[in-house]
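The values are calculated or read from the model by the stated rules, or taken from the named source; none is laboratory data. Note that the coordinates shown come from a computational prediction; the quantities given were computed from them, not determined experimentally. Here the Cβ positions follow ideal geometry from the backbone for every residue, glycine too, while neighbour counts run over all protein chains shown.
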Amino acid sequence: MLYQLREYQRAMLNPVSDWAIATSRLYSDPYSAFSYLPFASRVSAGLELLYRLGKEYEKPEFGLRSTEIDGRTVSVAEHVELARPFCRLIRFDRLLPRGLEERADDPTVLIFAPLSGHHSTLLRDTVRALLPEHNVYVTDWIDARLVPLEEGPFHLDDYVGYCIEFIRHLGPNVHVMSVCQPTVPVMAAVSIMSSLRDPAVPRTMVMMGGPIDTRHNPTEVNAMAMTRPHEWFEYNVIYRVPDRYPGSGRKVYPGFLQHAGFVAMNPDRHMVSHWDYYLNLVRGDLEDAESHCKFYDEYNAVLDMPAEYYLDTIRVVFQEHLLPLGQWVVDFEGAEIRVAPEDITVPALFTIEGELDDISGSGQTRAAHALCISVPAERHEHLTAPGAGHYGIFSGRRWRDSIYPEVRRFIRAHLDAYDPASGRTAKTRPTRTVRKGARGRGRAA
């Protein structure tokens with residue numbers, strides 16, 4: 001019922017938002033007589049703020065049309081590499097001009113974006129930094145309200161299956177990066193692949209700000225999941241998608257509830273930000289106002305999560321801690337397989353945390369090292385980014401200036417295939433020609 005009430009609210013707010021922005025323009029357009037009235041700038045700014053508070057935010061675009069490679073501007077095209085009911089694998093194709101053909105052999109990086117409320121475009125800055133020196137792919141999760149009911153449910157086990165499929169599609173020379181929530185299913189995917197001796201296991205795993213073991217320094221987010229019974233979430237945050245959407249009837253954790261939770265974590269900060277936006281509009285400081293708009297265009301755009309996946313995550317990750325306890329069993333390809341990180345031997349592991357992360361507390365991601373006991377010590381690395389919050393480890397100045405250079409160095413330190421039996425690495429063929437030969441070597445090994 002709550003979802004339907006929210007739809008009625010949106011139906012009423014949309015005309016108000018449209019009126020607010022139209023009237024705001026009336027008081028700001030230099031060709032309008034109203035713009036010369038006293039307090040016109042304040043009226044216009046107030047109405048524009050009302051518009052932004054009441055408008056409906058659609059999924060943003062990545063908008064990455066070009067990148068800079070060796071001092072040359074190179075066009076970038078966004079393509080769908082694989083399409084599945086709940087996710088698309090997006091490839092950012094660098095259209096290399098003559099003279100840069102050898103850059104097609106740059107390392108391939110598969111970024112697993114979080115399925116935790118925001119769209120994958122939240123990682124725009126992550127992709128932008130990687131593009132000049134890497135072939136980049138990213139998971140683009142589909143809003144559950146847009147997935148028809150006949151596609152069936154989507155559980156955490158299905159998420160793990162998607163991870164394995166995408167890694168296999170790009171492996172074995174792929175480098176996997178998981179940001180926040182997907183660190184857990186990616187760890188499970190690589191563990192299962194390692195247990196099955198899959199030749200497509202990735203070269204490296206970069207895990208950033210994820211809840212590998214939420215018993216370390218629980219945050220407010222963790223505490224909420226740990227202090228309420230599992231049934232509470234099912235009865236209080238799960239609703240059915242209304243009729244107007246393709247996913248009508250599907251049970252979801254609605255995006256608008258998730259957004260309310262995001263705002264509730266730091267209400268004062270958001271109030272100050274909106275007030276500063278109003279003052280910037282009054283002063284005519286359009287550069288700062290535009291920066292505010294870009295941030296909230298992304299922050300306010302949310303998606304519905306499949307109920308099964310969300311409830312599985314609450315239980316497995318936050319309440320029962322099945323991954324660090326070694327008790328997580330995943331249904332994969334018709335068989336029940338225990339997630340055994342101790343079976344991981346090939347990928348090198350790099351964990352990254354933010355010193356001020358209030359979503360995944362200090363030590364939660366680093367806990368991955370204690371689980372991957374079969375990875376040699378020299379292939380483990382950890383970085384705690386000073387002064388960085390949760391979003392700062394993959395977006396913004398700290399990511400670009402301090403964290404990305406370390407990720408780049410780590411990937412290039414582990415480009416070659418690693419043989420755990422001998423403890424040696426072997427030179428591999430370039431990325432664009434590696435697949436057939438690499439799979440053959442994997443079987444022989």
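Quick check: anything in region 153-173 in contact with a helix residue (DSSP H, G or I) (Cβ under 6 Å, 6 or more places away or on another chain), among the aliphatic types (A, V, I, L, M), farther than 21 Å from Gln327 by Cα and surrounded by fewer than 24 Cβ atoms within 10 Å (Cβ to Cβ)? Before the answer, list the steps.
Step one: list which residues in region 153-173 are in contact with a helix residue (DSSP H, G or I) (Cβ under 6 Å, 6 or more places away or on another chain), which gives 153-156, 159-160, 163-164, 172-173.
Then drop every residue that is not among the aliphatic types (A, V, I, L, M), which leaves 156, 160, 164.
Checking the rest, the ones that are also farther than 21 Å from Gln327 by Cα come to none.
No, every residue in region 153-173 fails to be in contact with a helix residue (DSSP H, G or I) (Cβ under 6 Å, 6 or more places away or on another chain), among the aliphatic types (A, V, I, L, M), farther than 21 Å from Gln327 by Cα and surrounded by fewer than 24 Cβ atoms within 10 Å (Cβ to Cβ).
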Quiz item: Do any residues in region 106-123 that are charged (D, E, K, R) have Cβ atoms under 7 Å from those of residues that are not in a strand (DSSP E or B), where the two are at least six apart or on different chains, and which pairs are they?
Solution: Asp106/Glu133; Asp106/His134
Quiz item: Where residues in region 1-49 are basic (Lys, Arg) and at pLDDT 90 or above, which of them is farthest from Asp297 (Cα to Cα)?
Solution: Arg42
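When only residues in region 8-25 that are among the aliphatic types (A, V, I, L, M) and in contact (Cβ under 8 Å) with a residue 12 or more places away in the chain count, which is nearest to Leu50 (Cα to Cα)? If you could, list the steps in order and put the result at the bottom.
Initially, region 8-25 is screened for residues among the aliphatic types (A, V, I, L, M), giving 11-13, 16, 20-22.
Next cut, in contact (Cβ under 8 Å) with a residue 12 or more places away in the chain only: 13, 16, 20-21.
Values: Leu13: 10, Val16: 9, Ala20: 7, Ile21: 8 Å.
Selected residue: Ala20.
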Quiz item: Taking interchain pairs and intrachain pairs at least six residues apart, which have beta carbon atoms under 6 angstrom, with the first residue in region 30-41 and without any contact (Cβ under 8 Å) to a residue 24 or more places away in the chain and the second of a type in the set (S, T, N, Q) and surrounded by 10 or more Cβ atoms within 10 Å (Cβ to Cβ)?
Solution: Ser35/Ser28
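Right, Arg84: basic (Lys, Arg), over 26 Å from Gly392 (Cα atoms) and modelled with pLDDT of 95 or more or not?
Numbers: basic (Lys, Arg): yes; over 26 Å from Gly392 (Cα atoms): yes; modelled with pLDDT of 95 or more: yes.
Here the answer is yes, as Arg84 does meet what is asked.
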Quiz item: Consider Ala370 against the criteria (1) surrounded by 16 or more Cβ atoms within 10 Å (Cβ to Cβ); (2) among the small types (Gly, Ala, Ser); (3) more than 19 Å from the chain's Cα centre (by Cα): it satisfies all of them except one. Which criterion is unmet?
Solution: (1)
Practice problem: May I ask you to list the residues in region 104-124 that are outside any loop (DSSP other than H, G, I, E, B) and surrounded by 17 or more Cβ atoms within 10 Å (Cβ to Cβ)? | Solution: Thr108, Val109, Leu110, Ile111, Phe112, His118, Ser120, Thr121, Leu122, Leu123, Arg124
Quiz item: Inside region 19-61, can you point out the residues that are more than 17 Å from Trp275 (Cα to Cα), of a type in the set (S, T, N, Q) and assigned to a helix (DSSP H, G or I)?
Solution: Thr23, Ser35
Quiz item: Residues of region 103-124 being β-branched (Val, Ile, Thr) and out of contact with any Asp or Glu (no Cβ under 8 Å at 6 or more places or on another chain), which ones?
Solution: Thr108, Val109, Ile111
Quiz item: Looking only at helices (runs of 4 or more DSSP H) that fall completely inside region 129-245, which ones have 2 or more residues that are within 30 Å of Val74 (Cα to Cα)?
Solution: 156-170
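Might you let me know whether region 331-345 holds any residue that is exposed (fewer than 13 other Cβ atoms within 10 Å of the Cβ) and within 19 Å of Leu53 (Cβ to Cβ)? Give the derivation first.
Just the residues of region 331-345 that are exposed (fewer than 13 other Cβ atoms within 10 Å of the Cβ), to begin with: 333-336.
Checking which are within 19 Å of Leu53 (Cβ to Cβ) leaves us with none.
Checked against the condition, which is being exposed (fewer than 13 other Cβ atoms within 10 Å of the Cβ) and within 19 Å of Leu53 (Cβ to Cβ), region 331-345 yields no hits at all.
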Exercise. Go through (1) surrounded by fewer than 24 Cβ atoms within 10 Å (Cβ to Cβ); (2) closer than 22 Å to Ser362 by Cβ; (3) in contact (Cβ under 8 Å) with a residue 24 or more places away in the chain and name the single condition Met224 misses.
Key: (3)
Quiz item: Pick from Met187, Met193: which is touching a Pro at 6+ places or on another chain (Cβ under 9 Å) and either surrounded by fewer than 24 Cβ atoms within 10 Å (Cβ to Cβ) or within 24 Å of Arg409 (Cα to Cα) (or both)?
Solution: Met187
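Conditions tested, residue by residue: (1) hydroxyl-bearing (Ser, Thr, Tyr); (2) in a helix (DSSP H, G or I); (3) at pLDDT below 95; (4) more than 21 Å from Pro107 (Cβ to Cβ).
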| site | (1), (2), (3), (4) |
| --- | --- |
| Leu383 | no, no, no, no |
| Gly389 | no, no, yes, yes |
| Ile403 | no, yes, no, no |
| Arg408 | no, yes, no, no |
| Ile411 | no, yes, no, no |
| Tyr418 | yes, no, yes, no |
| Arg432 | no, yes, yes, no |
Quiz item: For region 76-92, how many residues are farther than 17 Å from His175 by Cα and either surrounded by 21 or more Cβ atoms within 10 Å (Cβ to Cβ) or not small (Gly, Ala, Ser) (or both)?
Solution: 10
Quiz item: So, in region 256-312, of the ones that are in contact with a Lys or Arg (Cβ under 9 Å, 6 or more places away or on another chain) and assigned to a loop (DSSP other than H, G, I, E, B), which residue ends up surrounded by the most Cβ atoms within 10 Å (Cβ to Cβ)?
Solution: Asp304
Self-check item: Among residues of region 327-355, those that are within 30 Å of Thr227 (Cβ to Cβ), free of Cβ contacts under 8 Å to residues at least 40 places away in the same chain and part of a loop (DSSP other than H, G, I, E, B), counted
Solution: 2
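Which is in contact with a Leu (Cβ under 6 Å, 6 or more places away or on another chain) and within 15 Å of Pro347 (Cα to Cα), of Val176, Val201, Val186, Val190?
Details: Val201 fails: in contact with a Leu (Cβ under 6 Å, 6 or more places away or on another chain); Val186 fails: in contact with a Leu (Cβ under 6 Å, 6 or more places away or on another chain); Val190 fails: in contact with a Leu (Cβ under 6 Å, 6 or more places away or on another chain).
Going through Val176, Val201, Val186, Val190 in turn, the sole match is Val176.
Of everything in region 126-141 that's out of contact with any Cys (no Cβ under 6 Å at 6 or more places or on another chain) and either among the hydrophobic types (A, V, I, L, M, F, W, C) or modelled with pLDDT under 95 (or both), which residue is nearest to Asp401 (Cα to Cα)?
Pass one, region 126-141, residues out of contact with any Cys (no Cβ under 6 Å at 6 or more places or on another chain): 126-138, 140.
Imposing the further condition that a residue be either among the hydrophobic types (A, V, I, L, M, F, W, C) or modelled with pLDDT under 95 (or both) reduces the set to 127, 129-131, 136, 138.
Working: Val127: 14, Ala129: 10, Leu130: 12, Leu131: 15, Val136: 19, Val138: 22 Å.
In this case the residue turns out to be Ala129.
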